[in-house]
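Below you'll find the structure, written out as structure tokens, and then a few comments.
The values are calculated or read from the model by the stated rules, or taken from the named source; none is laboratory data. All figures in this text were calculated on a predicted structure; none of them were measured in a lab. Quick reminder, even Gly has a Cβ in these numbers, built from the backbone with ideal geometry, and neighbours come from all protein chains shown. Protein only, heavy atoms only, side chains kept; ligands, DNA and RNA dropped before computing areas. Shrake-Rupley method; radii C 1.70, N 1.55, O 1.52, S 1.80 Å.
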Amino acid sequence: MKKNILFYAIIFFTTPVFCQDSYVSLNNDTIKGEIVHYKEWLKNPSSVQFKETATGNIIDLTPSNCKGFKAGTSDIYISYFGTRILNSNDIENIHALKSNILTKDTAQVFLREIYVFKNYVLYKLLDDKRTNFYISDNGIIKELEYYEYLDENKHISFDYSYKNYLLLLFADKNVAGLEHRIDLLTYQENSLVNFFAGALNDKLHSSEKLRNKYPGETFIGAGATANFGSLSYTSGKTYQQTALSPSFDIGLRIYSQRNFGRLFFQPSVNITALTHTFNNNLLKAKSTLVNAKLGAGYVFSKKPDLTIYGVAQAGLTFLFGYKTAKGANSQYVKEGSPIDKISVYPEVGVTINKKINIALAGTLPIRTSFLSDRNYVYKISQACLIVRYVLRKDIHEN
């Protein structure tokens, strides 16, 4: 592959901006659009369906008809045509070529970028044959050669050619303890990324940081909550009332590091000032309602300026400072502690420009029951419109 072509492709793919899905054509044109039904592949894809924004056309991207593609702010793949080792890199677990004679094949594949710093880019190829790693130095790609084989005594032996290459590559870089670093190196993604980050003094892009390429979010906000209440007496009488109250909301979103960060884990707390009146103000209830929720969510549409998601949550509902009054002019009287209940809290929402989150959440149609005394049961359900501000720390590439 020509050096200048790879150089331009790498410049494009490592630009630290948020953009939609895109690919680079053989003419060096950047085409924006959307990967159809995309996911974060465990193995390197051989082809990808891509819908172009400008034309609406859907094409199959392959290593032969494009120079690579980028999936949103996530994985980057480049097209590669060259050789790859076929000998097994894990002779105990992978049914690959177990010969002690180095055997290579010509491959036209997508390589996934796993590390980039200055003029170095590290790539990974994982398919049904084996795992191969490649290093690009100023746009020139070379495979890091490694394989395992059985010697004449049926013992596992190793060919560490990639270690000798790295020793030469960094010989003039004044890397402290270079030989020891290489001696400890294993042919695995985290180990290789940590080696390059350490050798290049690149603390920001160590594998510990790269595992968090989908940064978590903290959100805080306020909303308007419709509280649907009912008061049912043992005599059979039931009174209902809907009250609108302000609410306060705070929580976290912790994103999965697979599947483009679409799956996430969300703990949150919602606080509502609750006041209800029943039967023409003859019966009153007053408290601070706290929902402590925990759930899992999924991002259905993930764009640079707009995401749409849903969350399934369960949690405990607490009433603090619960008071009731009987009679239009009666004073509120503090009740005994209500029974705390586990409820389901579905949520759907959108996040705009990664900063503003607008969500609709609640317990509908489920009602949470609180036993106030022996004479009646107080039930509530909620629907809440929340506006939140989202704080997140994005990770940018150099």
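Below are the figures for this structure:
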{"read-out": "Global geometry of region 287-328, whether rounded, prolate or oblate, following the gyration tensor of its Cα atoms and the 1.5 cut on a/c", "value": "prolate"}
{"read-out": "Charge dipole of region 209-300 about the Cα centre (unit charges at C-beta), most positive-ward option of Ser232, Thr218, Ala285", "value": "Thr218"}
{"read-out": "Efficiency of FRET between Thr103 and Tyr165 - r from beta-carbon atoms, R0 22 angstrom, step 0.05", "value": "0.75"}
{"read-out": "Loop trypsin sites (Lys or Arg not before Pro), region 34-65 (other Cβ atoms within 10 Å of the site Cβ: 14 or fewer; DSSP)", "value": "Lys39, Lys43"}
{"read-out": "Leu86, Leu294, ranked by accessible area, largest first (probe 1.4 Å)", "value": "Leu294, Leu86"}
{"read-out": "Solvent exposure ordering (accessible area, 1.4 Å, most first) of Thr30, Thr324", "value": "Thr30, Thr324"}
{"read-out": "Highest-first arrangement of 232-242, 376-386, where packing means the average Cβ count within 10 Å", "value": "376-386, 232-242"}
{"read-out": "Cross-link table Lys39/Lys142; Lys104/Lys142; Lys51/Lys142; Lys237/Lys323; Lys67/Lys173, entries beyond 25 Å C-alpha to C-alpha", "value": "Lys39/Lys142; Lys51/Lys142; Lys67/Lys173"}
{"read-out": "Cα centroid of region 294-315 to Cα centroid of region 26-51, whole Å", "value": "23"}
